[in-house]
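The values are calculated or read from the model by the stated rules, or taken from the named source; none is laboratory data. Everything quoted here is computed from the prediction, not taken from an experiment. As a convention, Cβ positions derive from the backbone with ideal geometry for all residues, glycine included, and neighbour counts pool all protein chains shown. Calculation scope for accessible area: heavy atoms of the full protein, side chains included, ligands and nucleic acids excluded. Shrake-Rupley method; radii C 1.70, N 1.55, O 1.52, S 1.80 Å.
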Amino acid sequence: MKKNLTRWLTVTAVLSALGAILMFFPKIKLPFMPSFISLDFSDLPALLASFSMGPISGVIVCLVKNLIGLLDSMTGGVGELSNFLISASFVLPAGIIYKFRHNRIGALLGSLLGAGVATGLSILFNYYLVYPIYTNIMSMDAILGMYRAINPNVRTLWDALLWFNAPFTFCKELISVIITFIIYKRISPLLHGRK
């Protein structure tokens with residue numbers, strides 16, 4: 001029991017550190033997204049943790065990487081709050097389904113469901129929580145102006161979230177799913193202490 005807890009804590013800590021590193025590097029700015037949104041691969045270690053150590057480990061990785069991310073926040077913590085909520089919404093369902101259906105199909109179904117849940121909740125989190133807080137830093141007109149610079153048809157925050165943020169979130173999580181499926185079998189023995 002003690003050995004299992006030690007391994008759980010160690011793997012969760014290592015994957016949290018890796019998630020934090022991936023939040024800082026590489027951050028990829030995409031020309032079809034406003035400048036305050038960037039692509040990173042920090043959800044990958046959280047998904048690995050959720051599959052190997054369980055869904056709580058995955059959520060802890062999401063929390064720790066964002067707490068560390070606060071040290072270099074350009075958004076006053078709003079971006080980190082958004083990242084935590086969306087990442088946890090992704091890895092929690094994925095890990096729960098994989099825990100009860102411990103095979104590739106379970107991993108795929110859990111991952112795709114997690115990506116869908118994260119995408120749907122990202123709209124609600126951003127509309128009702130994140131952007132209202134963010135307007136203390138930048139006005140809603142300025143925020144929408146950044147979206148309109150890319151697509152002049154954006155009229156409301158709903159437009160911005162549906163046309164930009166939701167597809168971005170789904171694609172970002174799908175990248176983590178694909179990479180996980182490529183590497184998980186190879187690194188699983190290491191994560192579980194069998195190598």
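Are any residues in the stretch 115-132 of a type outside the set (A, V, I, L, M), closer than 18 Å to Val91 by Cβ and out of contact with any Leu (no Cβ under 7 Å at 6 or more places or on another chain), and if so, which ones?
Across the stretch 115-132, the qualifying residues are Gly116, Thr119, Gly120, Ser122.
Confirm whether Tyr127 is over 26 Å from Leu15 (Cβ atoms), touching a residue at least 60 places away in the same chain (Cβ under 8 Å), surrounded by 14 or more Cβ atoms within 10 Å (Cβ to Cβ) and not small (Gly, Ala, Ser). Spelling it out, it is not the case that Tyr127 is over 26 Å from Leu15 (Cβ atoms), touching a residue at least 60 places away in the same chain (Cβ under 8 Å), surrounded by 14 or more Cβ atoms within 10 Å (Cβ to Cβ) and not small (Gly, Ala, Ser). For the stretch 32-49, filtering for residues that are open to solvent by 20 Å² or more (accessible area, probe 1.4 Å) and under 25 Å from Ile97 (Cα atoms) leaves 2. Does Phe100 satisfy being buried (at least 22 other Cβ atoms within 10 Å of the Cβ), in contact with a Gly (Cβ under 8 Å, 6 or more places away or on another chain) and hydrophobic (A, V, I, L, M, F, W, C)? No; evaluated as a whole, the condition is false for this residue.
Among the residues of the stretch 70-79, the ones that are of a type outside the set (Gly, Ala, Ser) and buried (at least 20 other Cβ atoms within 10 Å of the Cβ) come to 1 in all.
Counted as qualifying within the stretch 1-119 are the helices (runs of 4 or more DSSP H) with 1 or more residues that are among the basic types (Lys, Arg) and either within 20 Å of Asn165 (Cβ to Cβ) or touching a residue at least 40 places away in the same chain (Cβ under 8 Å) (or both), namely 2-24, 55-69, 78-100. Screening the stretch 137-195 for helices (runs of 4 or more DSSP H) wholly inside it with 1 or more residues that are polar (S, T, N, Q), in contact with a helix residue (DSSP H, G or I) (Cβ under 8 Å, 6 or more places away or on another chain) and surrounded by fewer than 16 Cβ atoms within 10 Å (Cβ to Cβ) returns the ranges 166-191. Would you check which residues across the stretch 50-69 are surrounded by fewer than 19 Cβ atoms within 10 Å (Cβ to Cβ), within 13 Å of Ser87 (Cα to Cα) and of a type in the set (Val, Ile, Thr) and list them? Passing the criteria: only Ile56.
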